[in-house]
Each structure stands twice: as C-alpha cells, then as structure tokens.
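Bear in mind these aren't lab numbers, they're just calculated from the coordinates by the rules spelled out. Since this is a predicted model, take the numbers as computed values, not measurements. Note: ideal-geometry Cβ built from the backbone for every residue, glycine included; neighbour counts use all protein chains shown.
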Amino acid sequence: MHRRPLLRPVPLAAVATIAALLGSVAVTTPASAAVEASATRASRTVSDPAASVDPFIGTSGDGNTWPGATAPFGMLQWSPTGTKGDQTSTPVANGYSYDVDRLRGFSLTHLNGAGCAPGAAGDVPIMPVTTPVTTSPSADSTDAVYAAGYSHDQESASPGRYGVTLDNGVRTDLAVTTRAGIGSFAFPAGADANLLFRTSNSINGSEAADTRVDARTRTVSGSVLTGGFCSRRANGGGATNPDRRSYYRLFFTATFDKPFTSTGTWKDGTVQPGGTRASGGEGYLTGADRAGRGSGAWIGFDARRGATVHAKIGISYVSAAGAVANRDAEVTKRATVASVAAATRASWNRELSRIRVGGGTADRTTQLYTSVYHALMQPNTLNDRDGRYLGPDLRVHRMDRGHRAVYGTYSGWDQYRAQIQLLALLRPDVAGDMAQSMLRFAEQNGGVWDRWLHLGAPTHVMTGDPSAATLATWYAMGVRNFDVRAAYQSLRKQATVENADAESDIGCPGQCLAQRPALDEYLQRHFAANDDCSCWGGAAETLEDSISDSALGYWAGAMGLRSDARMFAARGAYWKNTFNAAVGYQAARQADGSWTPGWTPSTGTGFAQGTSAQYTWLVPQDVHGLSDALGGDAAAVARLDAFFHDAAGDWAVTGGDATKFDPTNEPDIHTPWMYNALGQPWKTQETVRRVVDDAYGTGPDGLPGNDDLGTMSAWYVFASVGLFPQTPGRAEMLVGSPTFRTVDIRRASGERIVIRSSGTDPYVQGARLDGRALDRSWVPASFVNRGGTLSLRVGDTADTSWAAGERGRPIDR
C-alpha cells in the first residue's frame, strides 16, 4: 500500500506567523535567510502524515513488522497471525509474514520486529470461519480446517485500522484504541457463521487458559497465562532455558451486537457443542509435544441472509474487571469501526506531526513517516485506566503519582542505539514515564535491571547493561520526569555490587540469567573472560559494559558526582583490554589473559550476533582512542573505507559478509557516522545516503533486518533528518545530510528544532547554526534541549574541507 501524502505549500509569512504563535523558534539572521527562504519555497509540508504510513513495510524479508491496528504506545495490537501448516508455530516471530497467505486468527497482542522465532505474544487469536465446528480446533494441528487463505488484493492497513476479506468470504475490519478495540465480521449468506476464540493458542503456547461464554449478555471473556519469550531456544538443553515460563496473564472481554445462535467449547481433542466454559493450556514446546493441546470456545450467528457482527473488546494484564472497564471507557456504546479508526488516526497524526518534513520524494516521505510510526509503537502501555499494572513479580501495583502511564516492553540491546533517542527527542514525557516504570520493575525484580523486558518482565535476552545507557541518555536529553536519584543509585549499584545471579550460566548463550555477569571478576580483570563470564561473549560484554559505564559517568558528572564520574569514565575505557593490537581487532580473551584461540575477523566467538570485524567499531564513546589503537586517523579511515566496500571498491552496505558493515543488526549501525570524528564528514554523508538508498526501501521488504521494537526504523529517521546521536549518555548530535529540504521537529516539551537544507543532495558544503557559521560536524546538547535552527547548503560533490579540521570534530570527553 503506497499512498501519496496530501501536500500543500506553506508561504513564508504563514511560517513566520505559526512560529510566532508557538514561541519557540530560534531567530534566523539575514546571513542564513537565503538558504531558508530557498528551502521553504521549494518545500511542501505534509498535512496528513498518517496518509504516508505504509504498515506493510517490513512485513516481508527480515523486518518482522506486522500490519494490524494499533494506537501510539498501545496495549492492544489487533493483527493477523499466519500459519504455514503448523498450529504450534508461526511464519515469523510476530506471527505475520507478507509471504504467507493463510491465517489462523486475529490476535490481540504483538511485538514489533523482535528477532527470535517465535518471539512472544500473539495472544487470543479470534478466527471467523464458515464451516461447522464438529472437531476440536486444537486437534487441527496442521491448520487444515479452521484457517483460511486470503489475497493481498483484499487486504488494507492504515494507522489504527486493518481489514481483509478471507477466502471463506468473511470480511474482517478492525480498529483500536489504547486498551480496546472494535471489530466487524461480515459473514456471507448461506454459510455457517462462527467465531473461534483460540484462547490458549498464543504464539509460544501457554501454561493455562480459560474461556467463558454468556449467551444472555452476548459476551465471551477469559484469560491466558503465558510468556515464554524466545522459549524455543535450546540454550544447551530445554531445562536450562530460563524463559520457558509464564510471566503474565492477559484478560479479555468481548461483547457482541448480535445474539448467539450456538455456542461450544473444546479442550485438547474433545469438542463440546453447547458448552460455555473451557480451560486448558498448551505448554511451551512445539511439534508433537504441543500439538493437539489447548482450549477455547466458539459462538455462532444466524447468517442465512448474511450477517455483519460487531465485537467490542477490551484487555487487561490486571483483571477481568479491568478488561471490562478498559473496554467500556474507550469504546463507547455508539462507537463504530469507522469512528474508532478516525480517532486513533488523529492520535497518530499528532505523534507523526512532531516531525514535519517537506521537499522530499513521495517514497522518502512514506519511508520517513512509516519509520516514525514503527518507532512509536513502543513502549507499550501496561496500566489499566485505574492506574493498576502487573509487575515482574506477578503482583498488581499502582502507578506512581504524577505519571500518566506505566510503560513496558524494552529491547534494550537494540533500542539504546537509536530508538530511545528518537523517543526522547519527540516524547520526553513518555521517556520519563518509561524510566520510572523501569525503575519500579527493577525494584520488583530484586533490584535487577534486565536487558530485555517483555511487558515488565525480564527475559534475559542479549548482553550488556543497556538500561544504564538508556536512562543516562534520557537524562542528557532533558528528561526529568522520573526519580532521577533513585534510578541512578540503583543502576550504580548494579554496576558495582554483584547480584545473586551474576555468576549463573543458566540460559547461556542468548538468554543468560546473569545481569552484569561475573561482575566481581570483571572489575578485577577489567574485561569479561570468554571462558568465565556467564555471558553470551566476553568481548561483546566488555564493549557493551564499557559503553554503559561511560554513559553512567556522563550522568554522574552532570549531577555533580565527581568521584563516580571519574570511576565510570575509567571503566568506559575497558574496551582497550579486548583490543588485540597484534591483529588490530577486538577479540575474546580467556581468564588467564590469553587470546581465545581460533580468531579471524569473521569469527563470532566472543561476540553476540556479530563478528570481530563488526564489533571492533563498537566504541562510540571514544572514537579518538579507537583511532589511535588502529594506527591513527588515516589508518582508521582506510579501515572504515574497507568496511563499507568490497575488494573491487564497490559499496558493500546491505549485509551478508561477516567482515563488512551489516545494516540488518545493531552492533555496527553507528559506524557510517564515525567519519565525522575522523575528520572526513563528507564520507559520513555519502555512506549514510548509500545505506538509505541500498538497504531501505518501500514495500514489504523495505527494512534491512528485524525492526527490533523500532530500532531500524529510528535509524532511518535520524538518517533522513541528517542527525544521529553521538554516543549514549550524551545529547550532542552528529550532522549528516537530510533527505528533505525542510525538517521541523516539535518536541512534546516545547522545544522546536528546525533543519533547513538548500536541496537534497548528499554533500554538506556549508552550515549555519542559529545564523552563525558552523564548521563543526556536530551540534551541541543545547540544540536538542533548547531548540534551534540548522541551515545547510548541500551539493552533489563532496566538500572535503567542511568540518574536516581538528576543531570541527565531535569531542569524546
């Protein structure tokens, strides 16, 4: 689905009037007026950015996105779950693949772009069928009977709404609010008209499920006890996986506008026509161990002349009563699919309009706004409307006063590199609420901040301590609406005092239970030993912890904690202890200090989802130090050039070579911007543009890799606006070249950031910051935290002198 945005020119006088009313625009001097006037005349502003969103981008290839209906930061994501003929599995981690044309239900929860297959969620698939229910749907283990095909020609999606006509003739139309939704199911005449509630059939299975049917009130309700994020990873054996467990119960309630003409339930292989209650989970395994297990219910309607049935549904992670209250408050009695969809579309437009762009192509506009859309799907609202929420301790808690929401679901290892910065830039208020939520989750988890949260629960996935880097970055970017001191002290303790599980090897690799693993040994050796670290890989752990410690040092310094700042700054240099100068790469070391045998640049030994060649660049906090280790700036630039090109000198920026840049995963996504610190920012400009052009696109395969809760999308947003975060724990931004002539960012906290470009060519040939000449390849923290105007003069040839001098480079300290 590719739709052109509605565009209209904005006269300079109108811009000035709007700016005056908003009152937060930096003054533009005559020296920069020519560039800005030219850019404004040639630009068109997008008045309806939701019209430029294509939810199908990333649904094919490795993007792992889904097209269903969701609200910004929504709790409910109503989207189809596909099947390839195995009810205990899904085509991809989130359940939907554009390349699979058969569905087994429309599930109420989904994760955006999580990588391990299957990931989690996909709770309570609801499936319209036109066949009589004479056998147990759980016994239909190959999805031969109770699934249905469809054509993309009969499918549509837009922010807040999804629709499809199945091959069985049923047209499904879904719209949602934050915690509730409304669905329309139009059954054809003359066929059976049944809705299956596959309550136990979450993507990873379930421990327990319960479904109740009340024909008198036209209600179906129940719950599923599930979890199991990435639970099919063997990790050395089934019993060692710490996540093959339940950590949440989802409650749902659905009311209908038509009477039920029949009901029924099933459990495992037994079907009970006329039944009204069923219980039973599926377990968390796959294949024969899970096939044929589970429970659910169905309801039937009179469709002799056709029937359009409307369902109003609410969910809650707290209670059945909470699901009812959420539904009744957010989907009123007179609500329709169209009215709910329109309201949520308006909500999306408010969020998307925080970045206003003009002067770009239709495709780039679609990519930009779809990327913002994907990035702001999360974090997810966890609290009911009454403020109650489920903690990782499986107890119900109440939201702190002064906060608007409790948020969860955090893929820290991925998100701390781009998504959390975009969130703070656009919605610092949401970032603060998320920070407070993460603090409470840690307190409820024995003081431990987990690397990867599904809802509020720890999953132990990946490596490092990204929470430290995340909250330090948010603080640097002006986020203050959380308990700053308590959060800092808690993260400081995690980084300095070994916790009870720090020496555990359970779940390794991939989902190591230990957080800040083997901390005592790490602090003694100043690196994580690959043979004694309780971690995924010793070199990766060292590099990730060095970044987080550096970020904590920046945070401590900003709060006046000088001793802490010095301590963490020193620890931020521990990356040097896994740099093998003899080979010029990062490498794994053993506990005795020796280098782990078998090293090559393409080795993954000691690393997590990456190689030595890719992780060698994971030192954004000390690019100058890395340059020195590589032999100086000239040598570092030559190495970086080779990283982005093949032996013939052609670009190699789409992945597939273990010794080259990989845009499909996170460890090296910052590397195109490292030329700024090496004195050749024009190479940043051309390399970023090449990645934008070659690795990203429109259409279902438009993302290069797993979106990872908006991370790949956030990278694209920054590349499009011509800025990129310099390093975790800092608010400075590196300057590139925007793909739009006008970028106007309105932070929720009131600051306005304007980027004007004389065109969309890739090379910066001059710049002004708030009217003054800028010969630096970065902008200060004040540009983010107080707002301002960056004016760029661009062209189609590289200006090798702009910001190339020593004073033009970003400062590490």
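Annotations
- Averaging the Cα positions of each part gives two centres, and for region 142-167 and region 702-767 these lie 35 Å apart.
- The value of relative contact order for the chain, using C-alpha pairs under 8 Å at least six residues apart, is 13 percent.
- Gain in span if fully extended, Glu806 to Val145, counting 0.36 nm per residue against the direct Cα distance: 231.1 nm
- Loop-located trypsin sites (Lys or Arg not before Pro) across region 340-440 with a Cβ neighbour count of 14 or fewer within 10 Å are Arg395, Arg401, Arg404, with loop assigned by DSSP.
- Against the main long axis of the alpha-carbon atoms of the chain, helix 30-42 sits at an angle near 30°.
- Of the chymotrypsin sites (Phe, Trp or Tyr not before Pro) found in region 290-353, none is in coil by DSSP with at most 15 other Cβ atoms within 10 Å of its Cβ.
- Protection proxy ranking of 203-212, 150-159, 371-380 - average other beta-carbon atoms within 10 Å, highest first: 371-380, 203-212, 150-159
- In terms of overall dimensions, region 362-808 has a Cα radius of gyration and Dmax of 20.9, 62 angstrom.
- Each Lys and Arg contributes +1 and each Asp and Glu -1, all at the Cβ; summed about the Cα centre of the chain, the dipole is approximately 2920 debye.
- Angle in degrees between helix 12-22 and the longest Cα principal axis of the chain, rounded to the nearest 10: 80 degrees
- Partners for Lys267 among lysines (Cα-Cα distance below 29 Å; same-chain residues under 8 apart left out): Lys84, Lys258, Lys312
- To the nearest ten degrees, helix 362-375 and the longest principal axis of the Cα atoms of the chain are 70 degrees apart.
- Over all orientations, the chain has a Cα convex hull whose mean projected area works out to 31.9 square nanometres.
- Descending semi-axes in whole angstrom, ellipsoid equivalent of region 496-576, from the Cα gyration tensor: 24, 12, 10
- Charged-residue dipole, Cβ positions (Lys, Arg, Asp, Glu), region 362-808 about Cα centre, Debye nearest 20: 1820 debye
- Region 248-297 versus region 523-567: alpha-carbon centroid distance in Å: 48 Å
- Considering only the chain, percent of DSSP beta bridges that pair antiparallel, nearest 5: 95 percent
- Region 97-123 and region 489-522 have their alpha-carbon centroids 31 Å apart.
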